[in-house]
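In what follows, a single structure is set out as structure tokens and then discussed.
Every number here is computed from the coordinates shown, using simple stated rules; none is lab data. Here the structure is a predicted model, which means the values were calculated and not measured. Cβ coordinates were reconstructed from backbone atoms using ideal geometry, including for glycine residues, and neighbour counts include every protein chain displayed.
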Amino acid sequence: MEKKELQYIHSFEEYVNEFINALIAYSPKLISAIFILIIGLYGIRLINRMVKKIMLKNEFDPTLSRFLASSLLWALRLLLFITVISRLGIESSSFVAILGAAGLAVGLSLQGSLSNFAGGVLIILFKPFRVGDSIEAQGVAGTVNEIQIFTTKLLTSNNQTIFIPNGILSNGIIINYSLQGVRRADLVFSLSYDTNIKTAKDIVMKVMTNHPKVLKNPLPAVSVKNLTDTSIVLAIQPWAKNADFSSMSSDILEQCKDAFDKAGVSIQPYTIEASK
């Protein structure tokens, strides 16, 4: 073998020996870091389960419980990560500085997402609506299916899923139809001027009084809303529980139409409508 090749072999053996020695010297830190990681992950899982059980026992709001549990989970994971890299010999102060700089850069590039996150926190804390509530916001209406960190998921009456960013949702007007437990329908009939107003009102009141889903308290009401050039506009206002609202509104319109037909009351065909 040539002298040069022998030198290469000798150098390689030195590198291998140095690597093995360094690995042996570093192995206690590596083993302890792996041990801390395993115990830490198990502990985080245990703490997360305990927190969920405590919140469930104390009847915390489900949305708030999920948010707090998720936030605690990621906070503990971050703390564990810093502990592990510190055990490996990496200065945690330097890492925190790097993480802060990276966080600032990411924050500047994700201002919209941070706004949505802040909006999600506000919604969870102040509870303008809950999961299962029927709301109207940003020009759409539906039932709240899920409140996520960045978006709120609505399910419309025709089974469409709508995602609204929490930032604009928390800063806009929200109509919560479920908050009070009952709703009033604002139904409208336009009748011919040949109609006797008292007779028409009596017919409507009878229909509402006999309907099982119309509440007796608050009392239903019927009144003249307007007198246009072509018709008498009658306002019909029955109350119902949220779950019965849609079916009750439809029934009242149908039954009033049938009752008007039997009584010979003429309806203007182009102005029958119901509120949303």
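Of everything listed in (1) free of Cβ contacts under 8 Å to residues at least 60 places away in the same chain; (2) exposed (fewer than 14 other Cβ atoms within 10 Å of the Cβ); (3) not in a helix (DSSP H, G or I), the single unmet condition for residue 194 is (1).
Look through region 197-236, keep the residues that are in contact with a Pro (Cβ under 6 Å, 6 or more places away or on another chain) and in contact (Cβ under 8 Å) with a residue 24 or more places away in the chain, and return whichever of them is nearest to residue 268 (Cα to Cα). First the steps, then the outcome.
Pass one, region 197-236, residues in contact with a Pro (Cβ under 6 Å, 6 or more places away or on another chain): 208, 214, 220.
Those still in the list that are in contact (Cβ under 8 Å) with a residue 24 or more places away in the chain too: 208, 214.
Details: 208: 21, 214: 25 Å.
Among them, the one singled out is 208.
Might you let me know whether region 174-189 holds any residue that is of a type in the set (Lys, Arg) and under 39 Å from the mean Cα position of the chain (by Cα)? Yes, there is a match, as at least one residue in region 174-189 is of a type in the set (Lys, Arg) and under 39 Å from the mean Cα position of the chain (by Cα).
The residues of region 204-221 that are within 18 Å of residue 261 (Cα to Cα) and buried (at least 18 other Cβ atoms within 10 Å of the Cβ), listed by number, are 204, 207, 208.
For residue 140, indicate whether it is under 30 Å from residue 257 (Cα atoms) and among the hydrophobic types (A, V, I, L, M, F, W, C). Please lay out each step first, then the result.
Numbers: under 30 Å from residue 257 (Cα atoms): yes; among the hydrophobic types (A, V, I, L, M, F, W, C): yes.
Yes; evaluated as a whole, the condition is true for this residue.
Screening residue 242 with (1) within 18 Å of residue 261 (Cβ to Cβ); (2) touching a Gly at 6+ places or on another chain (Cβ under 7 Å) gives one miss only, at (1).
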